[in-house]
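Notes follow the structure.
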Amino acid sequence: MRVSGKTPRQGIPFVYAIAALLAVALITGSVFNTLSSRTLLNDNRSPEAEVPFPPPPESPVMPFQDEVVPAIPPEPPRPEALLEKPAGPVVAGQPLQHETDTTIVVKKGDTLSGIFNRLGLYPELNRILELGEEVRELETIYPGQKLHLALDGDRITYLDFESSKTRSLRLYRTESSFTAEKLNRKPARYLHAAAGIISSSLYRAGRSAGLSDAMIMSLVRIFGWDIDFTRHIQEGDSFTVVYEKLYLDEEEVGTGDIIAAEFVNAGKTYRAYRYTDLSRQTDYYSPDGKSMRKSFLRAPVSLAHISSHFSLRRRHPILNVFRAHKGVDYAAATGTPIMASGTGRVIFRGTRGQYGKTIILKHGDLYTTLYAHMSRYARGTGVGSRVKQGQTIGYVGRTGLATGPHLHYEFRINGVHHDPLKVRLPGTRSLPDSELEHFRMDIQPLVAQLDENTPHRLAMQENQEGTYSH
């Protein structure tokens, strides 16, 4: 019995026809692809248009198989970029993953805790500060100082704090804490000379000669026992200074001490030489071996001006009555340091009526000095404290009865007031006769240096060179 009009044998040719058509389609597609490839290779495009597949990256982390790898590798980083840290924000509490050392330059407003917090290293700071006195200098940091850190994740393995170009504090990681080491680099010292003539002020002349503020103040302290810089300086005065310049790795890192100096005031020449005696005590001496240091300073405030002199009958500027003015007033800006005029002991500190905030010092059995109208006291000046000559004991102010900020200074001998500007001060210490010959030999090269570098000598040399060059 037949189910359809075709037998099984009659259906086979139809299947063969379908298979033949599929084979023809496959062969035609292959030929088309081959012709297309040949057309591309024989195209007139430049070789740069052919983009070869890039080699696999060197990184051990391979891309996924379906990841698009850039045909042109990225531009290599600039050399300076390798030294810079990312400028992106650092989230507090999120530790940075450092593979290299990190250097932090302290900026204005920075604190140590703030720096460590930004780096996510605050717990490490607590461990460091547990060292106490050994790391005390870390508690106060200043702009420009540097912190070099070596990190292992969120752990500090090494820290180098450069407090200056010659001093640093190093911390090394131990099993449970840190060990501290302080390093001091000794700079090379070279002598340098500077000179100037005063036309308006010592400060301006000093700065024009290349002296720092600290060097100018040192010059004032050296000659401050013989010259009253608040009232005796005049136009035409001159100075010559031989001092140390400090170098590290051929780079100037600062200045050292004044080794020799000359000051010409109102036609009178003063000279001083730094000398260490046989007992290892260092001081400044005149050419004949007498110490420049007197028992008392002429003025307890540097580079101030006198606003009122010692007088037994002066009209008071506020009370408008005549009364004795038993001291000297030095006008200066509020906060100007006030120095102890001599070594002594504090016998009074407190508010004293119209004097305002006052300190009284006792020097031996005969002498006392008084300092009034202070804005505040310096540390270490409580009653009974010992202070050294030149030590800051307070700061200029206008407490008590005062028209403006100034220091009122009194000098008493056995309780009797004397004019601080005219009183005959106690004698000075001299080198023993047995040491004078050694002293003269020691300062001989410095005498020559001062002679060769006085302002007038340098001016003569410049004039001669100018004449010669023409």
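The values are calculated or read from the model by the stated rules, or taken from the named source; none is laboratory data. All of these numbers come straight from a predicted model, not from anything done at the bench. Using ideal geometry, Cβ is built from the backbone for each residue, glycine included, and neighbour counts are taken over all protein chains shown.
Answer yes or no as to whether residue 231 is of a type outside the set (Ser, Thr, Tyr) and in a strand (DSSP E or B).
Considered against the rule, which asks whether it is of a type outside the set (Ser, Thr, Tyr) and in a strand (DSSP E or B), residue 231 comes out as no.
Exactly one residue out of 193, 205 is assigned to a strand (DSSP E or B), modelled with pLDDT of 90 or more and within 26 Å of the chain's Cα centre (by Cα): that is 193. Taking the listed residues 404, 382, the one that is closer than 26 Å to residue 228 by Cα, touching a residue at least 24 places away in the same chain (Cβ under 8 Å) and small (Gly, Ala, Ser) is 404, with no other qualifying.
In region 260-370, counting only strands (runs of 3 or more DSSP E) that sit wholly within it, the ones holding 2 or more residues that are within 17 Å of residue 400 (Cβ to Cβ) and at pLDDT below 90 span 305-308, 322-325.
Restricting 119, 183, 147, 191 to those that are over 21 Å from residue 248 (Cα atoms) and either aliphatic (A, V, I, L, M) or not assigned by TED's automatic domain parsing to the domain that holds residue 274 (or both) reduces the list to 119.
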